[in-house]
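J.: Let me begin by handing over the structure; questions about it come next.
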Amino acid sequence: MTTALTRRNCLQGLAAVTASLSLPRAHAASDEILIGQSIHLSGPAAASMMRPLKGQELAIDEFNRKGGVAGRKVRLISLDDAFDPKRCVENINTLIDKEKVVALYGLGSTGNVAAVLPVLAEKKVPLIGVYTGAPSLRTPQHPYFFTTMASYRDEVVKMVQNLATGQRRKLALAVLNNAFGKEMAVMVDEVAKEQGSTIVATQSIELSGANAAAACKTLGDARPDGLIMMAFGPSVVPLVKAARAYIGVPIYAPTIANSRIAIETLSDEARGVAFTRILPNSLRATSNLTRDYAAAMERAKITIDHDHFFGYLNMRVLLEGLRRAGKGVTSQTLVTAMERMANVDLGGYKVNYGPQNHHGSRYVDLSVIGPGGRYIM
C-alpha cells in the first residue's frame, strides 16, 4: 500500500535530507572515493528532488555494502545551490578545490549545468549524470560531461509520435517561464514540424503555477487536440487542473514532471495523464536492476516508485564507471573508463558510451496514470 504524503511530510523529509547532506564534512579518509553534487536542496523546486536524492543514497549504500571499489567506499558530498547557477559554480569550485572530489554528479537544472561546463573543461573533472535532458547541453560534445538518460528531445519525439497515432496533430504547448522553457518552446516546435504536427498555441507558466488558469484558457481558445507540458515541480498540479478545466484534451509530460507527490495531490485528476519514461518500469521487478532496486527499497522500508528509481539508476551508472576505473581511480581514468563502456547492460538498462559519444541512452517509453494514481502501462 502506498503511504499518502502530505506537504508537511514532504517538507519535513526534505529538511532531514538537506541537513544530512549539507553539514560540514571532515576530509575523507584515504580509503574513501569522494564524488560531489550541487543541487537545489532549498527553493520552490526542492521538494521534487527529495525522493531522487534518497534513491541515489540507496544506490551508494548498496554499492558500499557489496565492497565499493575494491574495498574503497564511495561518499557523496551534496551542497545546496537553491537552483541558482552562480551558487552552483561556487559549489562546484568548492567540491573540486577543497573537497578534492574525483567526479561530479547529479546537477539539477539546465542553467546550472551550462554554467558549470567551462569549469569542468578548465579543471578536467567529469560530471556524470544530471537531472536535466536539455539537448543544448549535449552539442557539441563536452570532454568531461556524460549523461545517463535520454534527452528532452527524445522524450518529445515519443510524445508527438504517440499523439499522432490517435490523429492528434494540433498541439498546445505549456512551458516554464525560464531559460528551460524558452529552449523547450523552440525544440518542441521543431520536433512537431518534423513529425507532421503543428503547435497551434504556446503559453509560458510560472514555476509556482500561479498563472496556470489564465494560460490554459488561452491555450484552449486555439482548440488543440493534444497538450504537451514541458514543466516540473510545483507548476505541475495547477497546470494539470487548469488543463482539465479549460482544454480537455490528452496531456503529455516529461519524466521530470512525473512526481509521486504531484500524482497523489492530483488524485483522480491525474487519471489519463501520459508521462514519458526514460528508465525501465521500476514497479515491476522483472530484471536484475529492478530487483536490486526493490531490495534496496525494502531494506529502507520505502514504497517503490519512479521518483526514487530516477536517482538510484542515475547513480548506478556512475558507480559502474568508478568500478571499472578501479581502486586507484582518478578523474582522468574515470573518463577513460566511461568512454570504454560500450553496450554495457546494467541488468536491464543498457548504456553505450565511446570517445565520440558521451550520452549513454536514448531509451524512452510511456506511462499512463489510471484510477487511484496507479500506473496502467
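J.: Kindly indicate whether Gly272 is within 24 Å of Ser151 (Cα to Cα) and in contact with a strand residue (DSSP E or B) (Cβ under 8 Å, 6 or more places away or on another chain).
T.: yes
J.: If you don't mind, there's one more thing I want to ask. Within the range 331-341, is even one residue touching an Asp or Glu at 6+ places or on another chain (Cβ under 8 Å) and assigned to a loop (DSSP other than H, G, I, E, B)?
T.: Within the range 331-341 (the criterion being touching an Asp or Glu at 6+ places or on another chain (Cβ under 8 Å) and assigned to a loop (DSSP other than H, G, I, E, B)), the answer is yes, since at least one residue qualifies.
J.: Right, another one. Of the residues that make up the range 30-52, is at least one without any contact (Cβ under 8 Å) to a residue 24 or more places away in the chain, open to solvent by 40 Å² or more (accessible area, probe 1.4 Å) and over 20 Å from the mean Cα position of the chain (by Cα)?
T.: Within the range 30-52, one or more residues are without any contact (Cβ under 8 Å) to a residue 24 or more places away in the chain, open to solvent by 40 Å² or more (accessible area, probe 1.4 Å) and over 20 Å from the mean Cα position of the chain (by Cα).
J.: Can you pull out every residue in the range 54-79 that is open to solvent by less than 30 Å² (accessible area, probe 1.4 Å) and either touching a helix residue (DSSP H, G or I) at 6+ places or on another chain (Cβ under 7 Å) or of a type in the set (A, V, I, L, M) (or both)?
T.: Gly55, Gln56, Leu58, Ala59, Ile60, Glu62, Val69, Val74, Leu76, Ile77, Ser78
J.: From the list Ala114, Ala82, Ala192, exactly one residue is assigned to a helix (DSSP H, G or I), among the hydrophobic types (A, V, I, L, M, F, W, C), more than 29 Å from Val69 (Cβ to Cβ) and under 21 Å from the mean Cα position of the chain (by Cα). Which is it?
T.: One residue alone meets the criteria, Ala114.
J.: For the range 132-149, which residues satisfy the criterion of being out of contact with any helix residue (DSSP H, G or I) (no Cβ under 6 Å at 6 or more places or on another chain), crowded, with 24+ Cβ neighbours inside 10 Å and either part of a helix (DSSP H, G or I) or not polar (S, T, N, Q) (or both)?
T.: Met149
J.: Also: Does any residue of the range 352-375 turn out to be polar (S, T, N, Q), touching a residue at least 40 places away in the same chain (Cβ under 8 Å), surrounded by 13 or more Cβ atoms within 10 Å (Cβ to Cβ) and closer than 21 Å to Leu313 by Cβ?
T.: Yes, the conditions are met somewhere in the range 352-375.
J.: Let me ask you something else. Answer yes if at least one residue in the range 160-171 is more than 18 Å from Val368 (Cβ to Cβ) and hydrophobic (A, V, I, L, M, F, W, C), and no otherwise.
T.: Checking the range 160-171: not a single residue is more than 18 Å from Val368 (Cβ to Cβ) and hydrophobic (A, V, I, L, M, F, W, C).
J.: On to the next question. Might you check whether a residue that is under 30 Å from Val119 (Cα atoms), basic (Lys, Arg) and in a loop (DSSP other than H, G, I, E, B) occurs anywhere in the range 319-330?
T.: yes
J.: From the list Asp97, Asp81, which one is closer than 21 Å to Ala47 by Cβ and modelled with pLDDT of 95 or more?
T.: Asp81
J.: Filtering the range 266-290 down to residues that are in a helix (DSSP H, G or I) and without any contact (Cβ under 8 Å) to a residue 60 or more places away in the chain, which residue is least open to solvent (accessible area, probe 1.4 Å)?
T.: Here the residue is Thr290.
J.: Of everything in the range 212-237 that's open to solvent by 40 Å² or more (accessible area, probe 1.4 Å) and either touching a residue at least 24 places away in the same chain (Cβ under 8 Å) or part of a strand (DSSP E or B) (or both), which residue is farthest from Ile302 (Cα to Cα)?
T.: Arg223
J.: Among the numbered conditions (1) at pLDDT below 95; (2) over 24 Å from Tyr363 (Cα atoms), tell me where Phe180 comes up short.
T.: For Phe180, the failing item is (2).
J.: Out of the residues in the range 320-336 meeting the condition of being farther than 17 Å from Ile96 by Cα and free of Cβ contacts under 8 Å to residues at least 12 places away in the same chain, tell me which one is surrounded by the fewest Cβ atoms within 10 Å (Cβ to Cβ).
T.: Restricting to residues being farther than 17 Å from Ile96 by Cα and free of Cβ contacts under 8 Å to residues at least 12 places away in the same chain, the top hit is Gly328.
J.: Just to be sure, is Ala115 touching a residue at least 40 places away in the same chain (Cβ under 8 Å) and either open to solvent by less than 10 Å² (accessible area, probe 1.4 Å) or under 30 Å from Arg277 (Cβ atoms) (or both)?
T.: no
J.: Only residues that are open to solvent by 30 Å² or more (accessible area, probe 1.4 Å) and either out of contact with any Ser or Thr (no Cβ under 9 Å at 6 or more places or on another chain) or under 16 Å from Met341 (Cα atoms) (or both): list them for the range 303-319, please.
T.: Passing the criteria: only Arg316.
The values are calculated or read from the model by the stated rules, or taken from the named source; none is laboratory data. Small disclaimer: the values here were computed from a predicted structure and weren't measured. For neighbour counting, all protein chains shown are included, and Cβ atoms are generated from backbone atoms with ideal geometry for every residue, glycine included. Just the protein is used for accessible areas: all its heavy atoms, side chains included, with ligands, DNA and RNA removed. Shrake-Rupley method; radii C 1.70, N 1.55, O 1.52, S 1.80 Å.
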